[in-house]
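Undergrad: Quick one: the structure is below, and I'll ask about it shortly.
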Amino acid sequence: MALTLMKGSEAIAEAAIRAGCRYFFGYPITPQTEIPEYMSARMPEIGGCFLQAESEVGAINMVYGAAGTGARVLTSSSSPGVSLKQEGISYIAASELPCVIMNVMRGGPGLGSIQAGQGDYFQATKGGGHGDYHLVVFAPASVQEAIDLMSVAFDTADKYRNPVMVVADGMICQMMEPVVLPEMQDYKIDYSVKTWAANGRGMSKPQRAIINSLYINTEDLDMLNERLQATYRVIEANEVRYEAYNLEGAEIVCTAFGTVARITKSAIDDLKEEGINVGLIRPITLWPFPYKQLHDAAVAPGVKAVLDVELNAGQMLEDVKLAVNGEQKVDFFGHYGSHMPTPEEIKEKLLSMREVL
Amino acid sequence: MAVVFEKTKMLTDTVFHYCPGCNHGIAHRLVAESIEDLGLEDNVIGVAPVGCAVFAYNYFNCDMYEAAHGRAPAVATGIKRVHPEVCVFTYQGDGDLASIGTNEIVHAAHRGEKLTVIFINNAIYGMTGGQMAPTTLVGQKTTTSPYGRSEEWCGAPIKICEMLSQIPGCYYAERVALNSTANIIKAKKAITKAFRYQMEGHGLNIVEVLSTCPTNWGLSPVEAMKWLEENMIPYYPLGVYKDKGAE
Ligand SMILES: Cc1ncc(C[n+]2csc(CCOP(=O)(O)OP(=O)(O)O)c2C)c(N)n1
Ligand code: SF4
């Protein structure tokens with residue numbers, strides 16, 4: 001297969017298109033603006049639709065409209081913009097609509113910075129908007145993985161009728177890597193399969209489509225919530241993805257996601273050359289989180305501690321602690337959003353932990 | 001027996017929840033009849049607002065969405081971009097369209113979205129129990145303007161048709177009322193035109209319907225209609241504000 005050198009943001013956008021996405025609604029914000037820019041040039045070439053919305057609120061509601069027709073639709077933004085989308089995301093989740101939302105996270109809170117961050121972990125995995133709902137959240141660590149996860153994201157959204165979020169950071173979007181792109185999929189909405197979707201043929205269908213999240217009677221709302229929770233349990237059972245790295249004989253098990261996991265791997269590789277074994281569990285799905293897999297790795301014979309590394313003040317750390325369940329020491333190393341930790345810093349932290357083990 | 005009148009098939013048999021004397025019911029019927037008159041029964045998607053018409057998806061007998069408060073024009077945009085051949089309409093109140101959703105309607109108009117917007121102006125927030133709306137008249141008492149709306153404090157009531165008709169992408173804007181048989185007939189014509197223009201490929205098309213809210217105005221249905229005639233129509237003059245099709 002042919003390798004192409006591509007910038008992350010463009011590769012992600014192209015991968016979405018090749019996964020059958022023909023509708024993109026977005027609003028410019030650094031560091032993801034190259035995604036809408038690419039879409040604005042590419043969509044007209046393939047008969048798709050790129051529309052620059054008036055705001056992220058507008059964009060996510062356009063997504064709601066398009067997703068309700070069963071089309072494959074994407075929106076992309078960065079932290080402050082994703083905060084604005086939360087109202088719409090809650091409605092989309094409650095209305096059981098498939099779509100994909102990209103968050104190219106930057107430093108926060110507030111306007112924060114335009115450099116990479118991971119401070120939206122809580123927002124992505126614990127709700128973000130109002131109500132009891134979950135997004136499936138993918139966190140790629142390389143451009144190739146981001147490409148590969150794009151079609152998985154659309155398929156997962158369709159399979160469960162649930163919105164999917166892909167979180168990345170400016171680093172993944174800005175860097176160029178040699179990648180393999182998948183074949184083009186020409187996705188056609190099949191209304192005999194997506195019987196819930198709106199196509200305007202309400203009169204001639206057995207049942208007209210009603211895309212809605214209002215359930216004024218307690219029993220009806222209970223029914224929606226039971227259905228959603230049942231879906232989440234199935235997702236938890238079937239969709240956990242993670243990477244296990246160098247766990248064999250590890251003294252310490254690291255946890256990290258996205259770009260930070262890649263940097264952590266460099267530290268692990270360096271230490272290995274010095275004869276020190278450190279492992280890594282890298283969640284690829286932040287929700288559902290690989291609780292069991294991390295637990296088992298953390299309590300394996302020979303492991304003496306867990307180190308969670310993040311580009312925030314310690315958000316995934318809470319899930320790491322839940323996974324470990326008090327059965328192992330858990331330490332944290334992080335920077336606030338906007339300056340990446342270096343492999344040397346992580347190495348130093350691991351060495352200092354080793355001294356007291 | 002000869003059938004002299006039939007309820008339009010674009011309305012379901014669900015009983016309206018609207019209060020006695022409320023104009024939402026008449027407006028629903030005109031919208032439904034217009035869709036049927038134009039033969040769009042099996043080629044139409046509606047978007048309901050947050051407001052008293054929140055259950056419109058139970059009444060209009062077609063594919064329907066319920067949008068977040070004020071967002072209907074953005075939702076309708078998403079639908080229309082996937083199905084440009086399908087008739088797409090929103091039905092929105094004045095809190096929905098003229099307050100929380102101004103950004104969405106203004107930009108939908110600027111883009112010239114090929115939509116039909118039915119805008120119910122009843123000078124109050126009906127659903128939440130009678131708070132001040134951006135369309136509440138100066139001096140009008142509501143639960144959040146108990147001393148009457150002060151222009152100095154809250155500004156003047158928003159005139160949506162006047163505002164949107166300034167936008168190049170707005171194709172058709174007309175304000176109607178439902179206070180007499182003659183005006184109901186005019187309103188029906190306006191609504192039908194707003195749908196026809198969309199299907200001819202034009203947008204944005206909006207019909208503002210001056211509407212009563214006897215419950216929250218604290219008036220009987222008859223008094224409410226009189227209040228609308230004496231207070232709303234003078235401030236919100238009826239008529240065509242823009243009609244590119246007639247130019
Ligand atoms: C984001 C959000 N803010 C506030 C509300 C509460 N709310 C529900 S309906 C409404 C006002 C509706 O008034 P209007 O649009 O004039 O419609 P009417 O009920 O008069 O027909 C408000 C403020 C809400 N549902 N969502
Ligand atoms: S509260 Fe007002 S707007 Fe709402 S249904 Fe009753 S009369 Fe109509």
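Undergrad: Quick check: from the Cα gyration tensor, does the stretch B:39-115 come out rounded (a/c under 1.5), prolate or oblate?
TA: The shape class here is oblate.
Undergrad: Something else now. Report the residue, chosen from A:219, A:318, A:96, that carries the largest GNM mean-square fluctuation when chain A is represented by alpha-carbon nodes joined by springs under 10 Å.
TA: Per the Cα network of chain A with a 10 Å cutoff, A:219 tops the list.
Undergrad: Now a separate question. First select every other residue whose beta carbon is under 11 angstrom from the beta carbon of residue A:320; then total the charges, Lys and Arg +1, Asp and Glu -1. Don't skip to the end; give the middle numbers.
TA: On the way: positive: A:321; negative: A:308, A:310, A:318, A:319, A:331.
Local charge sum for residue A:320: -4.
Undergrad: Assuming R0 = 41 Å, can you tell me the calculated FRET efficiency for the pair residue B:180 and residue A:159, based on Cβ-Cβ distance, to the nearest 0.05?
TA: Working from the Cβ atoms, E equals 0.15.
Undergrad: Continuing with the same structure: Of B:120, A:214, A:229, which is farthest towards the positive pole of the protein assembly as shown's charge dipole, taken about the Cα centre with +1 and -1 on the beta-carbons of Lys, Arg and Asp, Glu respectively?
TA: The residue sitting farthest along the positive end of the dipole is B:120.
Undergrad: How much accessible area is lost when chains A and B come together, counting both sides, with a 1.4 Å probe, in Å² rounded to the nearest 100?
TA: About 2900 Å² of accessible surface is lost on pairing.
Undergrad: Quick one: what are the phi-derived ³J(HN,Hα) couplings along the stretch A:322-334, Karplus 6.51/-1.76/1.60 with θ = phi - 60°, whole Hz, x for glycine and proline?
TA: 4, 5, 6, 6, x, 8, 8, 5, 10, 10, 9, 10, x
Undergrad: Taking a probe of 1.4 Å, how large is the accessible area per residue of the stretch B:24-246, in Å²?
TA: Averaged over the residues of the stretch B:24-246, the accessible area is 33 Å².
Undergrad: Return the calculated 222 nm mean residue ellipticity for chain B, to the nearest 500 deg cm²/dmol, obtained by summing -39500 (n - 2.57) across DSSP H runs with n ≥ 4 and dividing by the residue count.
TA: Rounded to the nearest 500, it is -8500 deg cm²/dmol.
Undergrad: Continuing with the same structure: Taking the Cα atoms only, what angle lies between the long axis of helix A:56-67 and the longest principal axis of chain A, rounded to 10 degrees?
TA: 60 degrees
Undergrad: If you don't mind, another one. Charges at C-beta only: +1 for Lys and Arg, -1 for Asp and Glu. How large is the resulting dipole of the stretch A:243-356 about its Cα centre, in Debye rounded to 20? Don't skip to the answer; put the middle values down first.
TA: Working: 11 positive and 18 negative charges, 41 e Å.
Its charge dipole is roughly 200 debye.
Undergrad: Picking from A:121, A:27, A:245, which is most flexible by a Gaussian network model of chain A using Cα springs under 10 Å?
TA: So, out of A:121, A:27, A:245, the one fluctuating most is A:245.
Undergrad: To test your reading of the geometry: what angle, between 0 and 90 degrees and rounded to tens, separates the Cα axis of helix A:258-273 from the longest principal axis of chain A?
TA: 20 degrees
Undergrad: Just subtract the alpha-carbon distance of residue B:246 and residue B:230 from 0.36 nm times their residue separation and send over the number in nm, one decimal.
TA: 2.7 nm
Undergrad: May I pose another question? With a ≥ b ≥ c the root eigenvalues of the C-alpha gyration tensor of the stretch B:29-81, is it rounded (a/c under 1.5), prolate (a/b larger than b/c) or oblate?
TA: Oblate.
Undergrad: Also, quick follow-up: What full-extension length gain, to one decimal in nm, is calculated for residue A:236 and residue A:3 as 0.36 nm per residue of separation minus the Cα-Cα distance?
TA: 80.5 nm
Undergrad: Which Cα, out of A:357, A:298, A:264, lies furthest along the positive dipole direction of the stretch A:239-357 (beta carbon charges, K/R +1, D/E -1)?
TA: The residue sitting farthest along the positive end of the dipole is A:298.
Undergrad: I would also like to ask the following. Rounded to the nearest 20 Debye, what is the dipole magnitude of chain A about its Cα centre when Lys and Arg each give +1 and Asp and Glu each give -1 at the C-beta?
TA: 900 debye
Undergrad: Dipole of the stretch B:90-247, Cα-centred, from +1 at each Lys and Arg C-beta and -1 at each Asp and Glu C-beta, to the nearest 20 debye? It would help to have the intermediate numbers written out before the result.
TA: Values: 14 positive and 15 negative charges, 78 e Å.
For the stretch B:90-247, the charge dipole is close to 380 debye.
Undergrad: Per the helix-only calculation at 222 nm, which mean residue ellipticity applies to chain A, given -39500 (n - 2.57) for every DSSP H run of n ≥ 4 and division by its residues, nearest 500 deg cm²/dmol?
TA: -13000 deg cm²/dmol
Undergrad: Evaluate E = 1/(1 + (r/R0)^6) for residue B:202 and residue A:304, where r is the Cβ-Cβ distance and R0 equals 60 Å; express this FRET efficiency to the nearest 0.05.
TA: Computed FRET efficiency for residue B:202 and residue A:304: 0.25.
Undergrad: Name the chymotrypsin sites (Phe, Trp or Tyr not before Pro) in the stretch B:130-176 that are in a loop by DSSP and that have at most 14 other C-beta atoms within 10 Å, would you? Intermediate results must be reported in sequence, preceding the final value.
TA: Working: sites: B:147, B:153, B:171, B:172; in loops: B:147, B:171.
Sparse-neighbourhood loop chymotrypsin sites (Phe, Trp or Tyr not before Pro): B:147.
Undergrad: When chain B is treated as a GNM, springs tying every alpha-carbon pair under 10 Å, which of B:68, B:177, B:123 comes out with the largest mean-square fluctuation?
TA: With Cα springs under 10 Å in chain B, the top fluctuation among B:68, B:177, B:123 is at B:68.
Undergrad: How many percent of the accessible area of the stretch A:105-225 is carbon or sulfur, using a 1.4 Å probe?
TA: That fraction is 55 percent.
Undergrad: A further question follows. Apply the a/c threshold of 1.5 to the C-alpha gyration tensor of the stretch A:134-198 and tell me whether it is rounded, prolate or oblate.
TA: Judged from the Cα gyration tensor, the stretch A:134-198 comes out oblate (a/c at least 1.5, b/c at or above a/b).
Undergrad: If you don't mind, there's one more thing I want to ask. Please find the FRET efficiency linking residue B:37 to residue A:122, where r is the Cβ-Cβ separation and R0 is fixed at 51 Å, and quote it to the nearest 0.05.
TA: For residue B:37 and residue A:122, the calculated efficiency is 0.45.
Undergrad: Another question about this same structure. Rank B:47, B:232, B:181 by how far each Cα sits towards the positive end of the charge dipole of the stretch B:24-246 (+1 on Lys, Arg Cβ; -1 on Asp, Glu Cβ) and give me just the farthest.
TA: Positive-most Cα among the choices belongs to B:232.
Undergrad: Quick one: work out the % antiparallel among DSSP beta bridges in chain A, nearest 5.
TA: Antiparallel bridges make up about 25 percent of those DSSP assigns within chain A.
The values are calculated or read from the model by the stated rules, or taken from the named source; none is laboratory data. What you are looking at is a predicted structure, and each value in this text was computed from that prediction instead of being measured. Note that each Cβ is placed from the backbone with ideal geometry, even for glycine, and that neighbours are counted across all protein chains shown. Calculation scope for accessible area: heavy atoms of the full protein, side chains included, ligands and nucleic acids excluded. Shrake-Rupley method; radii C 1.70, N 1.55, O 1.52, S 1.80 Å.
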